[in-house]
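The values are calculated or read from the model by the stated rules, or taken from the named source; none is laboratory data. None of the values given here were measured: they were computed from a predicted structure. FYI the Cβ positions are ideal-geometry reconstructions off the backbone, even for glycines, and counts take in every protein chain you see. Quick note on the areas: whole protein, heavy atoms, side chains included, nothing else; ligands and nucleic acids left out. Shrake-Rupley method; radii C 1.70, N 1.55, O 1.52, S 1.80 Å.
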Amino acid sequence: MYQYTIIGGHELKGEISVYGDKNTALKLIPATILAANKCTISNIPDITDITTMMEIMKDLGAKIKKIKTGQFEFDTKPVRKTTINPLLARKLRASTVLMGPLLARFKKVSIPHPGGCVIGKRPIDIHLDAFKKLGAKISIKDSYYHIVTKNLKGTKIIPHSISVTGTENIMMAAAMAQGKTTIEYCACEPSIVALADFLNQMGADIRQAGSPKIIINGQKQLHGANTTVISDRLETGTFIILGALCAKELVIKNCQPNHLEVFLEIIKKAGVKIKRSHNQIVVYRSKHLKPNNITTNAYPGFPTDLQAPYTLLMTQADGVSMIHETIFEGRLNYIEWLNTMGANITLCDPHRAIVSGPTPLVGKKIVSPDIRAGMTLIIAGLMAKGKSQIDNIDLVDRGYTNLDQRLKEIGARITRKKI
Ligand code: EPZ
């Protein structure tokens, strides 16, 4: 277990680069299972979720070779196993997206219920219902889902909710199904478009990715391809809030502001000053923040993964803001920790909170509940007066590469300790 000690209240300044998108890389890697020959993926972030995904892939038989920092070659020809290692799957929600490619290539897959951030029940019924509609049979034994099919046949699929990994899983299962599959009510995240582009480079025929309706014409076989992971919009959004709260001037490089348009509109309304170009954002410490309500939504709406950092921003706004988290029922679990630091947030129900600001924050001993809330508490420690100690940093390592080093480089007083 790792712990951060932070001495807060120091003004940050300088440049921070954004790494490859975790939630895109975690789907491109399993997608290589569909390729009859080798693939190369660049700009893969060095985070523990990726390490876990690569361990799962190697356990299945894949050969993974590091070419240089962030760039790996994937040879999945040797893959023979279709049962996912339970200890690894339980660490990683994204292990769900191994079901689609394994089912498409081997006509069978066995997986325990996936783990990941504790931010709600996180069912996988959308995935399983879609596989059944495509012609798979599903049985549950020894807390494993066993999914088998003679042949996947294209059909119309209408998920009951917008699901990111659900859309991605169905796309990969349908890429080699017989005939045409349409998915209505799809997720539209940049990770969906990036995955569709990669699959199409492998010879798939996927149209309208990024829109609520995706059309997939199944192909007999897909071949190897090379791709580069897009920038992580969630790192970008988090660093913007870090800059708005703690930095005289923070230059955020290698980012893709066009993946954050709604978020950028909303923080501008809240009084955050930014300057943007096509791959860079400069943010300045905001003196007078304005209260501004948000409702999280599927992309392109306000991202649920930026709800926690935004709530922290609103603790410094002059007035009252409503935070409405519509995607997950367990994603306001960090609020009590912010209140112990001096924030004034009322939790109305599992989906709604009211923030009254501005409230000065003081350093405390806190525990990180999940990736995004953990990062928020780190920013709170950086802006608070005095010392903070944040436990369970291992969760933050799942989503942010080399964080303490990068924060030190812009003036943060932060040390990492194994406990
Ligand atoms: C992805 O999770 C991301 N994870 C999450 O990021 C992100 O918060 C979420 O999408 C946003 O929707 C990865 O891509 C690895 P969903 P996912 O399926 O796909 C319900 C992070 O911090 N639902 O889009 O698991 C579900 O309960 C992580 O990087 C079903 O009911 O989320 C939720 O209310 C956290 N049945 C809603 O849909 C299902 O079968 C959206 O979930 C699937 C989902």
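Can you tell which of 266, 363, 217 lies farthest toward the positive end of the dipole of the chain, using +1 and -1 charges on the Cβ of basic and acidic side chains (Lys, Arg; Asp, Glu)?
Of the listed residues, the answer is 217.
Between 8, 230, 143, whose Cα lies farthest towards the positive end of the dipole of the chain when Lys and Arg beta carbons carry +1 and Asp and Glu beta carbons carry -1, centred on the Cα centre?
Among 8, 230, 143, the one farthest towards the positive end of the dipole of the chain is 143.
Charges only on Cβ, +1 for Lys and Arg, -1 for Asp and Glu: so what's the dipole of the chain about the Cα centre, in debye to the nearest 20?
780 debye
Sorting check: for 53-65, 175-187, which peptide has the highest mean count of neighbouring beta carbons within 10 Å, and how do the rest follow? Present the calculation step by step, with values, prior to reporting the outcome.
On the way: 53-65: 17.7, 175-187: 20.1.
Listed from highest to lowest mean packing, they are 175-187, 53-65.
About the Cα centre of the range 190-255, how large is the charge dipole given +1 on each Lys and Arg Cβ and -1 on each Asp and Glu Cβ? Please answer in debye to the nearest 20.
Taking the Cα centre of the range 190-255 as origin, the dipole is about 120 debye.
Output the relative contact order of the range 22-228, whole-number percent, from Cα pairs under 8 angstrom with separation of 6+ residues.
21 percent.
Show that you can apply the helix-only estimate: for the chain, add -39,500 (n - 2.57) for every DSSP H stretch of four or more residues, divide by all residues, and state [θ] at 222 nm to the nearest 500.
After summing the helix terms and dividing by the residues of the chain, the value is -8500 deg cm²/dmol.
Would you be so kind as to identify which of 128, 282, 344 lies farthest towards the positive end of the dipole of the chain, taking Lys and Arg as +1 and Asp and Glu as -1 on Cβ and the Cα centre as origin?
The Cα lying farthest towards the positive end belongs to 128.
Based on DSSP, what percent of beta bridges with both residues in the chain are antiparallel, to the nearest 5? Write out the running numbers ahead of the final one.
Working: 57 of 80 bridges.
If we restrict to bridges inside the chain, about 70 percent are antiparallel.
Could you state the accessible area per residue of the chain in Å², with a 1.4 Å probe and every protein chain left in place?
39 Å²
Multiply the residue gap between residue 419 and residue 211 by 0.36 nm, knock off their C-alpha separation, and tell me the result in nm, one decimal place.
On the way: separation 208, 0.36 × 208 = 74.88 nm, distance 4.62 nm.
Contour length minus the Cα-Cα distance gives 70.3 nm.
Could you compute the net charge surrounding residue 317? Neighbours are other residues with a C-beta less than 12 Å from the C-beta of residue 317; K and R count +1, D and E count -1.
Residues close to residue 317 contribute a combined charge of +2.
How much length, in nm to one decimal, is gained on full extension between residue 137 and residue 153, taken as 0.36 nm per residue of separation minus their Cα-Cα distance?
The residue 137-residue 153 span can extend by a further 4.5 nm.
Which value, in debye to the nearest 20, describes the size of the charge dipole of the range 22-228 about its Cα centre when Lys and Arg Cβ atoms bear +1, Asp and Glu Cβ atoms bear -1, and nothing else is charged?
The dipole magnitude comes to about 620 debye.
Extension gain residue 184-residue 394, at 0.36 nm per residue separation less the Cα-Cα distance, in nm?
Net length gain for the segment: 71.9 nm.
By the gyration tensor of its Cα atoms, with a ≥ b ≥ c the square roots of the eigenvalues, what is the shape of the range 22-228: rounded for a/c under 1.5, prolate for a/b over b/c, or oblate?
Here the range 22-228 falls in the rounded category.
Using the beta-carbon distance between residue 297 and residue 59 and R0 = 22 Å, what value does 1/(1 + (r/R0)^6) give for FRET efficiency, to the nearest 0.05? It would help to have the intermediate numbers written out before the result.
Details: r = 36 Å, r/R0 = 1.65.
The calculated FRET efficiency here is 0.05.
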